[in-house]
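**Q** I have a structure here, written as structure tokens, and I will follow up with some questions on it.
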Amino acid sequence: MKQYGVLVVDDSSFMRRCISLILEKDPQFFIIGIARNGIDAIEKIQRLRPDLVTMDVEMPEMDGISALKEIMASYPVPVVMLSNHTEEGTKIALEALELGAVDLFVKNTIIGEDAKEVAINDFLGKLKVIATSGKVQTNKEDLETKKVVTSEVLTKTIRELLIIGCSTGGPSALQSILPRFPANLPVPIIVIQHMPPGFTRPLAERFDTICNLHVKEIEDGDFLEVGNIYVAPAGFQTSLEKNKENKIIFKVEDKSPIETLYKPSINVTLNSAAPIFKEKLLSVILTGMGNDGLIGCGNVRENKGYIIVEAEESCIVYGMPKVVFEAGLADKQVTLPYIFEQIMLHL
């Protein structure tokens with residue numbers, strides 16, 4: 001049985017101890033070291049060479065963001081961010097994901113009296129997949145590809161909706177795609193990103209500052225309109241339906257119409273969109289663990305829609321794209337640098 005050494009980085013001795021105790025529940029993890037701040041973390045990553053790092057967002061002397069930049073540049077290793085559920089903590093954690101951290105977790109979901117065993121098991125399961133993969137997103141230049149397709153080509157679109165689903169490694173992947181869409185894109189975009197509740201609104205607000213299209217978190221009753229990128233809210237299920245005026249509106253609700261572990265679920269959104277848009281739906285499945293999107297892509301295929309999945313070589317976790325590809329549902333499989341190009345070719 002392969003074991004993975006984890007470096008636990010947190011300025012609180014209590015938190016370091018709690019995180020270590022959780023990790024030691026799984027025999028495949030061992031604590032290779034602890035660090036009290038970013039400076040300490042960088043030195044120990046260089047010396048101890050851990051398989052995985054859990055890192056606090058806010059620390060004295062050198063915070064998680066400053067440390068992450070140095071780690072990704074000099075000593076690339078999978079880093080998982082642990083954040084307090086505060087406005088400032090959320091913003092910093094999202095920036096960390098864009099810089100190459102592979103996932104984030106809210107501390108009080110795995111530590112303290114509100115922590116549930118299912119959340120702890122999910123935390124350990126995801127860490128094991130991340131450690132096994134060993135992949136990091138270190139060089140943003142690798143993600144730069146072709147120039148944006150001209151507006152003359154865009155007017156010939158045959159699609160009416162683009163849906164992008166992703167999980168672990170998704171925010172960094174999205175950053176290489178969403179800002180490249182031109183302001184005149186004649187197709188609305190829906191993003192379903194697995195995240196803890198409270199993180200999708202700041203994610204949408206952050207993307208809104210760097211994208212040509214308007215980016216917003218979906219609210220119940222919103223109309224689906226061109227010129228927008230819609231981010232499904234974490235903690236809820238998002239589906240599409242036609243109203244009496246034959247306009248497409250969003251339905252956001254707590255309950256799930258199908259059995260699923262995820263809120264938001266890619267399956268739920270695709271299942272609702274496929275019969276409405278049929279062959280005019282383009283679906284993209286990016287990096288992420290698990291099989292969310294498999295059932296939905298089956299419905300997309302049944303309704304003659306087009307499906308693109310990310311190839312293993314660029315996935316932080318080759319889970320969701322893998323199951324869709326191996327089920328024979330993908331029309332095209334390419335690495336992340338070519339996802340945008342393929343989207344524009346098949347809109």
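**Q** Which far-off residues, 5 or more places away or on another chain, put their amide H under 5 Å from the one on Ala35, with H placed in the peptide plane?
**A** Here Val8, Val9, Asp10 satisfy the definition.
**Q** Could you pull out the pairs from Lys44/Lys322; Lys247/Lys332; Lys251/Lys278; Lys44/Lys263; Lys216/Lys251 whose alpha carbons sit more than 26 Å apart here?
**A** Violating the 26 Å Cα-Cα cut-off are Lys44/Lys322; Lys247/Lys332; Lys44/Lys263.
**Q** Now a separate question. Nearest 5 percent is fine: what portion of the DSSP beta bridges confined to the stretch 174-248 is antiparallel?
**A** Here the share of antiparallel DSSP bridges comes out near 10 percent.
**Q** Related question: Run the reach check for Lys128 against lysines, Cα to Cα strictly under 17 Å, same-chain hits fewer than 8 apart removed. What comes back?
**A** Hits, sequence-local ones excluded: Lys2, Lys25.
**Q** Continuing with the same structure: What accessible area per residue, rounded to a whole number of Å², is obtained for the stretch 153-299 using a probe radius of 1.4 Å?
**A** Ligands and nucleic acids excluded, the result is 38 Å² per residue.
**Q** A follow-up question, please. What is the percent carbon and sulfur in the accessible area of the chain, measuring with a 1.4 Å probe over the protein chains and ignoring ligands?
**A** So the carbon and sulfur contribution to the accessible surface is 49 percent.
**Q** Looking at the chain, send over the antiparallel percent of its DSSP beta bridges, to the nearest 5.
**A** Expressed as a percentage, antiparallel bridges in the chain total about 15.
**Q** Can you give me the C-alpha center-to-center distance between the stretch 43-59 and the stretch 163-232, rounded to a whole angstrom?
**A** 31 Å
**Q** Quote the charge dipole size of the stretch 281-340 about the Cα centre in Debye, to the nearest 20; the model charges only the Cβ of Lys and Arg (+1) and of Asp and Glu (-1).
**A** 160 debye
**Q** Let me ask you something else. Fully extended, how many nm does the chain gain between Val118 and Met1 (0.36 nm per residue separation, minus their Cα-Cα distance)?
**A** Here the answer is 39.8 nm.
**Q** Relative to the first principal axis of the alpha-carbon coordinates of the chain, what is the inclination of helix 266-277, with its axis defined by its Cα atoms, in degrees from 0 to 90 and to the nearest 10?
**A** Rounded to the nearest ten degrees, it is 10.
The values are calculated or read from the model by the stated rules, or taken from the named source; none is laboratory data. Only a predicted model underlies this, so the values are computations on that prediction, with no experimental measurement involved. Virtual Cβ from ideal backbone geometry, glycine too; neighbours counted across all protein chains shown. Surface accessibility is based on the protein's heavy atoms, side chains included, excluding ligands, DNA and RNA. Shrake-Rupley method; radii C 1.70, N 1.55, O 1.52, S 1.80 Å.
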